[in-house]
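The values are calculated or read from the model by the stated rules, or taken from the named source; none is laboratory data. In this text, all values refer to a predicted model and were calculated from it rather than measured experimentally. Ideal geometry is used to build each Cβ from the backbone, glycine not excepted, and the neighbour counts take in all protein chains shown.
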Amino acid sequence: MLRKATWLTLAVVLGFGLLLVACDEAKDAVTDTLDELVGEICLDELLEMAGLTREDLSETADAVLEEALAAQEDVLGKAYVIDCDAVETCDSLGEPPADGPAPDDPDAPPSEDGESRSADSAGDVAGQIRDIIDQRGGNGEDVAILLDATGSMWDDQAAVSSEFDAIMSDVQARDGNLAVAWYKDNNCDNPWYAVNDGGLLAMSDTGNQSAISGFFNSIPVYGGCDWPESLYDGVVDTVDGLAWCSTTARMIIAITDADALQPPLSQHSEADAQAALAAAGVTLHTINVAISY
């Protein structure tokens, strides 16, 4: 399967399957349209310009991969594409239900409204993670980073990896614990989910730092058989699979560029994920990143 970004380029440049070399007029038209847009472009806007739908993103076209990658910068310029549906999903998912359960642990902090942020480039992601830890954490905090590890996220994983030592230092400075998990699409990827050995690890221990950094650096970033991914399932598995212990702040920071799969393609719904978060006293923060070019 092509990277999601490649498909966006194909959508813009090729329209309904036109060869790249024969679509100068279409390319000029899209370029003129993009010149009128400032900053963020929603995925569906871009697809509509090309006469495509989200369902078309699951097809393959390896024969034009090289040309499509070369055309990305020419066509898209400085504008960036974000899945606005994913932003809306994450906004909603991070809101605890009004009638949700109280935490099972009486010492757990209550889950709060999480922040839903957007990052216009991979280079912004680590800074967003650190801001959330700084602004929403506290002494003895529990932090779990949950990464969408499908193919289009390769540059985001690499960018965070280059600043992972600083993220660990932030958690260490608060005498906190850190875990890393990743998810893909559980309808086609095997494995589709994993979490580091030992779960939440104290960052005061240099051995734990080495172990969790090594796990993050080795995340296998590929796959995803269609556009949406198993976000709800990843959140529930992370909540249920970790031994949360902080009485100050328990948080998951989910990083993705795609919307969530819905039941029956997802084992859990948004309501299931919200209930699991509330029962464990965990607050969900999300970072929606621009789709990679």
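You will find that of 252, 219, the residue that is more than 16 Å from residue 108 (Cβ to Cβ) and touching a residue at least 12 places away in the same chain (Cβ under 8 Å) is 219 and no other. Is it the case, given these coordinates, that residue 234 is outside any strand (DSSP E or B) and buried (at least 24 other Cβ atoms within 10 Å of the Cβ)? Yes, satisfied. I need the full set of residues from the range 132-148 which are of a type in the set (S, T, N, Q) and more than 13 Å from residue 174 (Cβ to Cβ), in order please. None; the set is empty. Contact annotation: residue pairs with Cβ atoms under 9 Å, 6 or more positions apart or on different chains, pairing a residue in the range 115-138 that is under 18 Å from residue 94 (Cα atoms) and in a loop (DSSP other than H, G, I, E, B) with a partner that is modelled with pLDDT of 95 or more and among the acidic types (Asp, Glu), are 115/131; 137/170.
Of the residues making up the range 109-141, those that are crowded, with 20+ Cβ neighbours inside 10 Å, touching a Ser or Thr at 6+ places or on another chain (Cβ under 8 Å) and closer than 19 Å to residue 280 by Cβ are 109, 111, 114, 115, 137, 141.
For the range 200-216, the set of residues classified as in contact (Cβ under 8 Å) with a residue 40 or more places away in the chain and either touching a Cys at 6+ places or on another chain (Cβ under 6 Å) or crowded, with 19+ Cβ neighbours inside 10 Å (or both) consists of 200, 209, 212, 216, listed by residue number. Identify, please: which residue in the range 158-180 is touching a strand residue (DSSP E or B) at 6+ places or on another chain (Cβ under 6 Å) and without any contact (Cβ under 8 Å) to a residue 60 or more places away in the chain and is, among those, surrounded by the fewest Cβ atoms within 10 Å (Cβ to Cβ)? Checking each candidate, the answer is 171.
If the condition is being of a type in the set (Val, Ile, Thr) and under 21 Å from residue 150 (Cβ atoms), then the range 188-238 contributes 195, 219, 221, 235, 236, 238. Just one of the numbered conditions (1) crowded, with 21+ Cβ neighbours inside 10 Å; (2) part of a strand (DSSP E or B); (3) not acidic (Asp, Glu) is not true of residue 194: (1). Summed over the range 237-269, residues that are closer than 19 Å to residue 226 by Cα and either part of a loop (DSSP other than H, G, I, E, B) or not small (Gly, Ala, Ser) (or both) total 14.
For the range 275-284, does any single residue satisfy the condition of being assigned to a loop (DSSP other than H, G, I, E, B) and within 21 Å of residue 102 (Cα to Cα)?
Of all residues in the range 275-284, those assigned to a loop (DSSP other than H, G, I, E, B) come to 281-282.
Among the residues that remain, those that are also within 21 Å of residue 102 (Cα to Cα) are: 281-282.
There is at least one residue in the range 275-284 that is assigned to a loop (DSSP other than H, G, I, E, B) and within 21 Å of residue 102 (Cα to Cα).
When 186, 177, 190 are checked against the criterion of being in the same structural domain as residue 249 (by TED's automatic domain parsing) and in contact with a Phe, Trp or Tyr (Cβ under 6 Å, 6 or more places away or on another chain), a single residue qualifies: 186.
Checked against (1) within 19 Å of residue 251 (Cα to Cα); (2) assigned to a helix (DSSP H, G or I); (3) not hydroxyl-bearing (Ser, Thr, Tyr), residue 207 passes all but a single condition, namely (1).
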